[in-house]
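Please read the structure below before turning to the comments.
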């Protein structure tokens, strides 16, 4: 029965990594609450995947997002595994970057993570055997041209995650940051990179497998910064 399953929350469920994480945790015996902005698409994911419940929310509206997290706890119970996969990006030269969009991206990528921790981490510490895993990308570790509307927001997200890990890790709450240094195998990516071989792309199911593994590391052997990339990716 669903009530007998432990509870996982995936924040930021799209057709790539987010949905793959949902499926991996369901396959691992969890019931999964899903958060994304697009209600209709999210509901279609819930209808296709058993043991899942859709909760539409826009993290830009922080008060609404807090209310959604509290609704999930009230209806599904406290999640013991949380995957923060939400991300917004703007790609433009620095001279053309809209500062409102820049600050919007910070709100979703960084402030949204803080709100998630504020709402869930105290209970997760008390519950024990809990984990918060954040998905990042190469922008979290270096800045490049045209990524000014994205990389700073992911770098700040990584530092926030490290700060949380240093405070909450000794209390038993495992916090990890997974850097996905890759082009992820999704239709919109394939359409832009038609000349690339299949093994150029990171498979969402394989990424989700590593996220699942990281979320279940034992107390005596835990990672904070996890980097994954296809075998031929230069770094």
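Derivation of every value follows stated rules applied to the coordinates shown; laboratory data play no part. None of the values given here were measured: they were computed from a predicted structure. Reconstructed Cβ throughout: ideal geometry from the backbone, glycine too, with neighbour counts over all protein chains shown.
Within the listed set 210, 75, 40, the residue fluctuating most in the Gaussian network model of the chain (springs between alpha-carbon atoms under 10 angstrom) is 75. When Rg and the Kirkwood radius Rh are both evaluated on Cα atoms of the range 97-235, their ratio Rg/Rh stands at 1.00. Between 162, 50, 96, the GNM of the chain built on Cα springs shorter than 10 angstrom shows 96 fluctuating the most.
Between residue 219 and residue 4, the modelled label-to-label distance comes to 2.7 nm, taking each label 7 Å out from Cα in the direction of the beta carbon. With the cut-off at under 18 Å, measuring from each backbone N in the range 67-88 to a point 7 Å along the Cα-to-Cβ line of residue 156 picks out 85-88.
In whole percent, what relative contact order does the range 2-228 give with Cα contacts below 8 Å and a gap of six or more residues? All intermediate terms of the calculation are to be shown ahead of the outcome.
Working: 418 pairs, mean separation 44.6, N = 227.
Over the range 2-228, the number comes to 20 percent.
Between helix 204-215 and the chain there is an angle of about 50 degrees, using the helix long axis and the longest principal axis of the Cα atoms.
For the range 2-228, the alpha carbon positions stretch 49, 36, 35 Å along the principal axes, listed from largest to smallest.
Springs between Cα atoms under 10 Å define the GNM used for the chain, and in it the highest mean-square fluctuation of 23, 192, 158 occurs at 192. So what's the angle, to the nearest 10 degrees on a 0 to 90 scale, between helix 17-27 and the longest Cα principal axis of the chain? Result, in degrees: 30. Separation of the range 48-91 and the range 134-154, taken as the distance between their Cα centroids, equals 23 angstrom.
Helical content alone sets the calculated 222 nm signal of the chain at -12500 deg cm²/dmol, taking -39,500 (n - 2.57) per DSSP H segment of four or more residues and averaging over every residue.
If we count other beta carbons within 10 Å of each Cβ, what is the order of 31, 154, fewest first?
Numbers: 31 22, 154 27.
Fewest-to-most ranking of 31, 154: 31, 154.
R0 = 25 Å: FRET efficiency of residue 92 with residue 56, Cβ-based, nearest 0.05? About 0.35, to the nearest 0.05. Give me the angle, in degrees from 0 to 90, between the Cα long axis of helix 151-168 and the longest principal axis of the Cα atoms of the chain, rounded to the nearest 10. Around 30 degrees separate the two axes.
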